[in-house]
């Protein structure tokens, strides 16, 4: 099957989803090389499509604001340090106990019912987490072979409709492989692996990227 390319770039790198590694001929995908300003370009791209990254610090600050207003001074003084320790553990990549994770999640939900600003921030954060990997795939993907799907671009990025077709073709390939007993294949997993690989290409190359990426946030109204 011929390689489906939009614009061939000698700096492209080849990558295959790990879950498809046991296929006789795994599909191969080409990703454009990471450039110093790509993070800034990516954030402008997703903002044009209605996605806004929300720093976790903004959400936590609003939670603290709600708790300070809702709890008695004694309760706030006792519980606030514990909450900060749990957040710090999350930031270090530690797994919280089932009880602590549930308590932190429930606290966020309850605070969001009080603060409209927090509810909007959480909604934007969750939507960004869900959709950003797909937009990263559109941003970095440059072609593939081994999947019978057309490659189409809109400006500098792959058309989202094209990725929908690719997802369907991969799903069919995975279902056939899983039925044949190929180990590691899970229908629907390969497109997720591709999207997360693309998102991983956004690791900052220099400090300028991070500054531009975090600039110009979409305004959010004050708490109701």
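The values are calculated or read from the model by the stated rules, or taken from the named source; none is laboratory data. Just so it is clear, the model here is predicted, and its values are computed rather than measured. A quick note on method: Cβ atoms are made from the backbone with ideal geometry, for glycine too, and the neighbour counts reach across all protein chains shown.
Please verify whether the range 30-39 includes one or more residues that are surrounded by fewer than 16 Cβ atoms within 10 Å (Cβ to Cβ) and farther than 20 Å from residue 200 by Cα. Looking through the range 30-39, none of the residues is surrounded by fewer than 16 Cβ atoms within 10 Å (Cβ to Cβ) and farther than 20 Å from residue 200 by Cα.
Condition check ((1) assigned by TED's automatic domain parsing to the domain that holds residue 12; (2) without any contact (Cβ under 8 Å) to a residue 24 or more places away in the chain) across all residues:
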residue	(1), (2)
34	yes, no
68	no, yes
71	no, yes
92	no, yes
108	no, no
120	no, no
137	yes, no
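Restricted to helices (runs of 4 or more DSSP H) entirely inside the range 8-97, those with at least 3 residues that are under 19 Å from the mean Cα position of the chain (by Cα) are 38-48, 56-70. For residue 154, state whether it is modelled with pLDDT of 95 or more and out of contact with any strand residue (DSSP E or B) (no Cβ under 6 Å at 6 or more places or on another chain). Criteria not met by residue 154. For the range 7-29, a residue qualifies if it is at pLDDT below 90 and crowded, with 18+ Cβ neighbours inside 10 Å, and exactly one does: 12.
Yes/no matrix, rows are residues, columns are (1) surrounded by 13 or more Cβ atoms within 10 Å (Cβ to Cβ); (2) within 21 Å of the chain's Cα centre (by Cα); (3) part of a helix (DSSP H, G or I); (4) modelled with pLDDT under 85:
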site	(1), (2), (3), (4)
130	no, yes, yes, no
137	yes, yes, yes, no
142	yes, yes, no, no
149	yes, no, no, no
178	yes, no, yes, no
199	yes, yes, yes, no
202	yes, yes, no, no
216	no, yes, no, yes
